[in-house]
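Asker: Got a structure here, written out as structure tokens. Questions coming.
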Amino acid sequence: LHSKVIGDGPVLVLLHGFLCSSVIWEKLIPTLKKNHKIVLIDLPGHGNSNNINVNTIDQIAELVINTLRKLGINKFSVLGHSMGGYIALAMAYHKRNRIDRLILLNSTPFADSREKKLNRDRAIVAVQNTHQLFVRQFIPGLFSKENLDRCKKDIQVLQDEASKVSSEVIINGLKAMRDRKEYLNDLIEMGMNINIIIGKDDPVIDSSLLLESLQGKERINIDLIKNSGHMSFYEKPEICSELITEALC
């Protein structure tokens, strides 16, 4: 997988979400690189990474781990956005002893519900019928409505990046998210602390339901960002950076 290393210090691996690339981290890097060596990775078929025919989250996690191994990195913290969070969870399950901190950004430790799985299936049909239309509509739908106008330039950049992703990669990604395993209880039993940062107005993940579902769970810390949707690093970059920095302490 294509990777880029920035700065010095303890290693922090950044994993972007579905239909994005490592460009999403540009507003956070100036803060995060002050105390960490940042490793940016483009997932299969996204950004500058070639398409590798994988269709499970665990397979992608293995590719990321192999990429880190080739970079000589064995110990690291990992921050995953959305689908990147699902990959981070799989990495933590399979390689618990390598991970210092686990941070999920606009992501969830739970598997897809039945309704969510059906929505993934509908999305697959939409991609098969109108690939570019799906991409153009998908990106704005990640932002809270109140931030759409202010983030117009960012949305355009993201749409341009997403338009480069092939239908095959998109469909494989949707299947991987739909069929992913749930590792939450296993990770808690393994002693893994999980930090979750979520937008209060996230249109993809119901923040109220997530908070309710995780209430009383040990080893879970949740931070809520007000007036933010699914793309907190664009919608509220300063608060996002602050919360990530705190989670890494």
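The values are calculated or read from the model by the stated rules, or taken from the named source; none is laboratory data. This one's a predicted model, so the numbers in the text were calculated from it and none came from an experiment. Cβ atoms come from the backbone with ideal geometry, glycine included; neighbour counts cover every protein chain shown. For accessibility, only protein heavy atoms count, side chains too; no ligands or nucleic acids. Shrake-Rupley method; radii C 1.70, N 1.55, O 1.52, S 1.80 Å.
Asker: Would a scan of the range 117-127 turn up a residue that is of a type outside the set (A, V, I, L, M), touching a strand residue (DSSP E or B) at 6+ places or on another chain (Cβ under 8 Å) and within 30 Å of Asn185 (Cβ to Cβ)?
Answerer: Scanning the range 117-127, I find no residue that is of a type outside the set (A, V, I, L, M), touching a strand residue (DSSP E or B) at 6+ places or on another chain (Cβ under 8 Å) and within 30 Å of Asn185 (Cβ to Cβ), so the answer is no.
Asker: Can you tell me how many residues in the range 221-249 are part of a strand (DSSP E or B) and either within 13 Å of Ser144 (Cα to Cα) or in contact (Cβ under 8 Å) with a residue 40 or more places away in the chain (or both)?
Answerer: Residues flagged as part of a strand (DSSP E or B) and either within 13 Å of Ser144 (Cα to Cα) or in contact (Cβ under 8 Å) with a residue 40 or more places away in the chain (or both) within the range 221-249 amount to 1.
Asker: Here's another thing I want to ask about it. For the range 64-104, enumerate the residues that are part of a helix (DSSP H, G or I) and out of contact with any strand residue (DSSP E or B) (no Cβ under 9 Å at 6 or more places or on another chain).
Answerer: Ile65, Asn66, Arg69, Ala90, Tyr93, His94, Arg96, Asn97 - these are the residues of the range 64-104 that are part of a helix (DSSP H, G or I) and out of contact with any strand residue (DSSP E or B) (no Cβ under 9 Å at 6 or more places or on another chain).
Asker: Still on this structure, please answer the following. What are the residues in the range 135-175 that are in a helix (DSSP H, G or I), within 19 Å of Pro44 (Cβ to Cβ) and of a type in the set (A, V, I, L, M, F, W, C), if any?
Answerer: Within the range 135-175, Val135, Phe138, Leu158, Ala162, Val169, Ile170, Ile171, Leu174 meet the criteria.
Asker: Only residues that are loosely packed, with under 14 Cβ neighbours inside 10 Å and not acidic (Asp, Glu): list them for the range 120-135, please.
Answerer: Across the range 120-135, the qualifying residues are Arg122, Val125, Gln128, Asn129, Thr130, Gln132, Leu133.
Asker: Cβ-Cβ below 8 Å, separation at least six or inter-chain, first residue in the range 16-28 and open to solvent by 10 Å² or more (accessible area, probe 1.4 Å), second among the charged types (D, E, K, R) and at pLDDT below 95: which pairs?
Answerer: Val23/Glu161
Asker: So in the range 137-160, with the set limited to residues that are open to solvent by 50 Å² or more (accessible area, probe 1.4 Å) and closer than 18 Å to Lys236 by Cβ, which one is nearest to the chain's Cα centre (by Cα)?
Answerer: Val157
Asker: With respect to Ile60, is the statement that it is aliphatic (A, V, I, L, M), surrounded by 17 or more Cβ atoms within 10 Å (Cβ to Cβ) and part of a loop (DSSP other than H, G, I, E, B) true?
Answerer: Answer is no for this residue.
Asker: Okay, next question. Could you check the range 105-131 and list, in sequence order, the residues that are in a helix (DSSP H, G or I) and acidic (Asp, Glu)?
Answerer: Selection gives Glu115, Asp121.
Asker: Tell me the residue from Gly47, Gly7 that is touching a residue at least 24 places away in the same chain (Cβ under 8 Å) and either more than 15 Å from the chain's Cα centre (by Cα) or within 15 Å of Ser77 (Cα to Cα) (or both), please.
Answerer: Going through Gly47, Gly7 in turn, the sole match is Gly7.
Asker: Another one. Which is under 30 Å from Pro10 (Cβ atoms) and surrounded by fewer than 16 Cβ atoms within 10 Å (Cβ to Cβ), of Met190, Met177?
Answerer: Going through Met190, Met177 in turn, the sole match is Met190.
Asker: Another question, then. Looking at Leu174, Leu211 in this structure, which one is aliphatic (A, V, I, L, M) and over 20 Å from Ile139 (Cβ atoms)?
Answerer: Just a single option satisfies the conditions, and that option is Leu211.
Asker: Of the residues that sit in the range 193-203 and are open to solvent by less than 20 Å² (accessible area, probe 1.4 Å) and either assigned to a loop (DSSP other than H, G, I, E, B) or of a type in the set (Gly, Ala, Ser) (or both), which one is farthest from Leu102 (Cα to Cα)?
Answerer: Ranking the candidates gives Asp202 first.
Asker: Go over the candidates Leu211, Leu243 one by one and state the one that is surrounded by 14 or more Cβ atoms within 10 Å (Cβ to Cβ), of a type in the set (A, V, I, L, M, F, W, C) and more than 18 Å from the chain's Cα centre (by Cα).
Answerer: After ruling out the rest, the residue left standing is Leu211.
Asker: Filter the range 70-101 for residues that are over 17 Å from Val39 (Cα atoms) and not hydrophobic (A, V, I, L, M, F, W, C); which is most open to solvent (accessible area, probe 1.4 Å)?
Answerer: Applying the filter and picking the extreme gives Asn97.
Asker: Related question: Could you pull out the residue among Ser213, Ser228 that is touching a strand residue (DSSP E or B) at 6+ places or on another chain (Cβ under 9 Å), at pLDDT 95 or above, farther than 30 Å from Asn129 by Cα and not aliphatic (A, V, I, L, M)?
Answerer: Exactly one of Ser213, Ser228 is touching a strand residue (DSSP E or B) at 6+ places or on another chain (Cβ under 9 Å), at pLDDT 95 or above, farther than 30 Å from Asn129 by Cα and not aliphatic (A, V, I, L, M), namely Ser228.
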